[in-house]
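Working notes for the structure below.
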Amino acid sequence: MPLLALVTPGLLAEDREGVVFCMKDGDMPVQVLVSRHALEDINRPVQQGMRMARFNEYRRQFEQIASYKYDRGLVEEDGSVCIRGRDLPGQGH
């Protein structure tokens with residue numbers, strides 16, 4: 001079952017070097033982390049302090065990648081989804 005997008009904003013997670021946001025699997029929330037590398041690799045360059053703007057610009061693509069990974073069971077031990085640079089088409093971070 002594909003993850004459903006939520007209207008909630010993403011949050012900068014400096015301690016995890018990325019942006020965190022939530023999606024849903026039915027009634028169950030699923031946390032998604034977009035790594036710093038994914039934010040940098042999706043469209044270079046990203047300047048320090050511009051991660052949220054980059055996330056918001058490409059949020060729909062990140063949601064699609066998260067849903068794809070979730071549907072295939074490519075989740076972290078805690079059930080969250082982490083989008084890394086290597087998850088982007090043509091990237092390898």
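So which residues in segment 18-32 are more than 21 Å from G49 (Cα to Cα) and in contact (Cβ under 8 Å) with a residue 24 or more places away in the chain? I'd like the intermediate steps shown before the answer.
Step one: of segment 18-32, the residues more than 21 Å from G49 (Cα to Cα) are 22-31.
If the condition is that a residue be more than 21 Å from G49 (Cα to Cα) and in contact (Cβ under 8 Å) with a residue 24 or more places away in the chain, then M23, D25, G26, V30, Q31 are the ones that fit.
Filter segment 23-45 down to the residues that are open to solvent by 50 Å² or more (accessible area, probe 1.4 Å) and either farther than 21 Å from R86 by Cα or not in a loop (DSSP other than H, G, I, E, B) (or both) and list them by number.
Matches in segment 23-45: K24, D27, M28, P29, Q31, R36, H37.
Filter segment 46-73 down to the residues that are surrounded by 14 or more Cβ atoms within 10 Å (Cβ to Cβ) and assigned to a loop (DSSP other than H, G, I, E, B), then identify the one that is modelled with the highest pLDDT.
The qualifying residue modelled with the highest pLDDT is Y58.
The values are calculated or read from the model by the stated rules, or taken from the named source; none is laboratory data. Since this is a predicted model, take the numbers as computed values, not measurements. In this analysis, Cβ positions are derived from the backbone assuming ideal geometry, glycine residues included, and neighbour counts consider all displayed protein chains. The protein model used for the area step is the full one, side chains on, heavy atoms only, and it has no ligands, DNA or RNA in it. Shrake-Rupley method; radii C 1.70, N 1.55, O 1.52, S 1.80 Å.
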